[in-house]
Amino acid sequence: MLHAGRGRHHEALQEFSEAEHLRSQMEGSHAWATQMTGWLLATQARAGLPDQARALLAAIEDERASSGEIRNARAVSSLAEGDPATALAAVADVLDGTAPVVGYITIVEAHLLAGLAHRELGDQRAASQAAERALALAESDRVILPFAMTGSAGLLEALPRHETAHAALLADILDILRGGPAAARDLPVPVQAEELSPGELKVLRYLPTNLSRPEIAAELSVSVNTVSTHIRNIYAKLQVSDRSAAVQRARELRLLAAAR
């Protein structure tokens, strides 16, 4: 999954193929078997191996073939072959709830795949709506991997910041997809990280977005004065004088990861 999220499709394919081999040796069915097979199919398509993906799809029994995980894989294959309309048809039953799924991550993936398909068809409004639904589902657990595995960076970058209700999560995901936190993962956390209050950390995670202070206040259900006080304290503790400098300093100190 990590290889796939980093776009290393051939390395991911090797791991998923080994997992599929282990699944074939099991008696009965493992709870994650269909999810893993779906990821294997999707990785084959993304790695430029459509013939292998089609052969594996043809061999899947009907009950598993109707699952949301396999439908998502069909959508990936259709997108890889330049057929976004068929991709939308593949995820339709996942999005309307009629296809069985292993968990809600499959639905997050389906929304992202629908968004990618709409974008290919030139419907940016529908693409943004699909991305917003995926963010809404991901918000509670702040999951990021589905966005990486589906290659949705471009889809998210096109989402207008002033139109999303999940600006902080969106900024976090894009930061990770661009490699931001990874570059600072080995840096020590200095004393200032401990000095920020929980309220200040909550405000801090919105600073990389384009949200205004009133909009941040609305997101957090607090007053504008409270947000302004937290921002003043953040500037003082990080020893900066403006928002962009605060974001840069927070990234250097890994405070945005702490805010998550």
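Entry remark, segment 238-260: residues being touching a residue at least 40 places away in the same chain (Cβ under 8 Å) and charged (D, E, K, R) number 4 in total.
The sole residue among Ala47, Ala80, Ala90, Ala85 that is modelled with pLDDT of 90 or more, surrounded by 22 or more Cβ atoms within 10 Å (Cβ to Cβ), of a type outside the set (Asp, Glu) and in contact with a helix residue (DSSP H, G or I) (Cβ under 9 Å, 6 or more places away or on another chain) is Ala90. Would you confirm whether or not segment 98-109 contains a residue that is acidic (Asp, Glu) and open to solvent by 50 Å² or more (accessible area, probe 1.4 Å)? Looking through segment 98-109, none of the residues is acidic (Asp, Glu) and open to solvent by 50 Å² or more (accessible area, probe 1.4 Å). Taking each residue of segment 225-237 that is surrounded by fewer than 16 Cβ atoms within 10 Å (Cβ to Cβ) and looking for partners that are of a type in the set (D, E, K, R) with beta-carbon atoms closer than 7 Å, six or more apart or interchain, yields Ser228/Arg213.
Within segment 116-175, the only residue that satisfies the criterion of being of a type in the set (D, E, K, R) and surrounded by 22 or more Cβ atoms within 10 Å (Cβ to Cβ) is Asp172.
Would you call Leu137 within 23 Å of Gly5 (Cα to Cα) and at pLDDT below 95? The answer is yes for Leu137. Consider segment 238-260 and keep the residues that are open to solvent by less than 20 Å² (accessible area, probe 1.4 Å) and touching a Pro at 6+ places or on another chain (Cβ under 9 Å). The one that is modelled with the lowest pLDDT is Leu256. Cβ separations smaller than 8 Å between residues 6+ apart or across chains give the following pairs from segment 148-162 residues that are without any contact (Cβ under 8 Å) to a residue 40 or more places away in the chain to residues that are open to solvent by 40 Å² or more (accessible area, probe 1.4 Å) and not in a helix (DSSP H, G or I): Ala153/Arg178. Look at segment 97-114: where a residue is within 22 Å of Asp62 (Cα to Cα) and a partner is among the aromatic types (Phe, Trp, Tyr), sitting 6+ places away or on another chain with Cβ atoms under 8 Å, you get Val102/Trp32.
Which of the residues belonging to segment 193-204 are within 23 Å of Pro160 (Cα to Cα) and open to solvent by 40 Å² or more (accessible area, probe 1.4 Å)? Listed by number, the list holds a single entry, Lys202.
Where helices (runs of 4 or more DSSP H) fall entirely within segment 1-111, those with at least 3 residues that are charged (D, E, K, R) are at 9-24, 62-65, 68-80.
The values are calculated or read from the model by the stated rules, or taken from the named source; none is laboratory data. All values reported here derive from a predicted model rather than from experimental measurement. With ideal geometry, Cβ positions are generated from the backbone for all residues, glycine too; neighbour counts draw on all protein chains shown. All accessible areas refer to the heavy atoms of the entire protein, side chains included, with ligands and DNA or RNA removed. Shrake-Rupley method; radii C 1.70, N 1.55, O 1.52, S 1.80 Å.
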